[in-house]
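Student: Structure provided below as structure tokens; questions to follow.
The values are calculated or read from the model by the stated rules, or taken from the named source; none is laboratory data. Here the structure is a predicted model, which means the values were calculated and not measured. Positions of Cβ are generated from backbone atoms using ideal geometry, with glycine treated the same way; all protein chains shown enter the neighbour counts.
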Amino acid sequence: MRTKYCQELDLFIVGLTPTKVAGRPFSAIEVAQEIEGKLVPVGTVGTGFSGEEMQEIARLYEVNPKNVKIKVRSQGLTESGKLWHARFLEFC
């Protein structure tokens with residue numbers, strides 16, 4: 001069954017999950033949405049970025065944690081408010 005990525009969100013990076021794969025700075029991006037001035041975690045994004053983009057994401061996050069914003073496209077949110085099949089699009 002094919003489904004479309006239909007919802008785009010601007011989210012803050014709040015963490016990078018560790019990896020054991022050589023040459024990769026992280027496994028997935030932990031993201032949060034700003035709601036009423038607070039960052040609310042909405043899940044992780046583990047696809048959509050190239051190797052160069054991964055390096056840039058890791059560099060920006062290391063320099064300025066929790067102040068890097070990315071655009072993510074997903075199939076929506078689950079009933080518990082988490083991203084459903086999200087993928088990285090670009091930096092905001």
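Student: Could you list, in sequence order, the residues of region 41-50 that are touching a strand residue (DSSP E or B) at 6+ places or on another chain (Cβ under 7 Å) and surrounded by 14 or more Cβ atoms within 10 Å (Cβ to Cβ)?
Tutor: PRO41, VAL42, GLY43, THR44, VAL45, GLY48, PHE49
Student: One residue is enough: does region 21-28 have a residue meeting the conditions more than 20 Å from CYS92 (Cα to Cα), part of a strand (DSSP E or B) and of a type in the set (A, V, I, L, M)?
Tutor: No, every residue in region 21-28 fails to be more than 20 Å from CYS92 (Cα to Cα), part of a strand (DSSP E or B) and of a type in the set (A, V, I, L, M).
Student: Just one of (1) within 15 Å of the chain's Cα centre (by Cα); (2) free of Cβ contacts under 8 Å to residues at least 24 places away in the same chain trips up GLU79, so point out which.
Tutor: Result: GLU79 passes all but (1).
Student: Please count how many residues of region 51-63 are surrounded by 12 or more Cβ atoms within 10 Å (Cβ to Cβ) and closer than 12 Å to PHE26 by Cα.
Tutor: 8
Student: Let me ask something additional. Please specify each residue of region 64-92 satisfying the condition of being part of a strand (DSSP E or B), of a type outside the set (D, E, K, R) and under 19 Å from SER27 (Cα atoms). Lay out the reasoning, then the answer.
Tutor: Residues of region 64-92 that are part of a strand (DSSP E or B), as a first pass: 69-74, 77, 83, 87-91.
Within this subset, residues satisfying the condition of being of a type outside the set (D, E, K, R) are 70, 72, 74, 77, 83, 88-89, 91.
The answer is ILE70, VAL72, SER74, LEU83, PHE88, LEU89, PHE91.
Student: Of the conditions (1) modelled with pLDDT of 95 or more; (2) loosely packed, with under 14 Cβ neighbours inside 10 Å; (3) among the aliphatic types (A, V, I, L, M), VAL68 satisfies every one except a single condition; which number is it?
Tutor: VAL68 satisfies all of (1) modelled with pLDDT of 95 or more; (2) loosely packed, with under 14 Cβ neighbours inside 10 Å; (3) among the aliphatic types (A, V, I, L, M) except (2).
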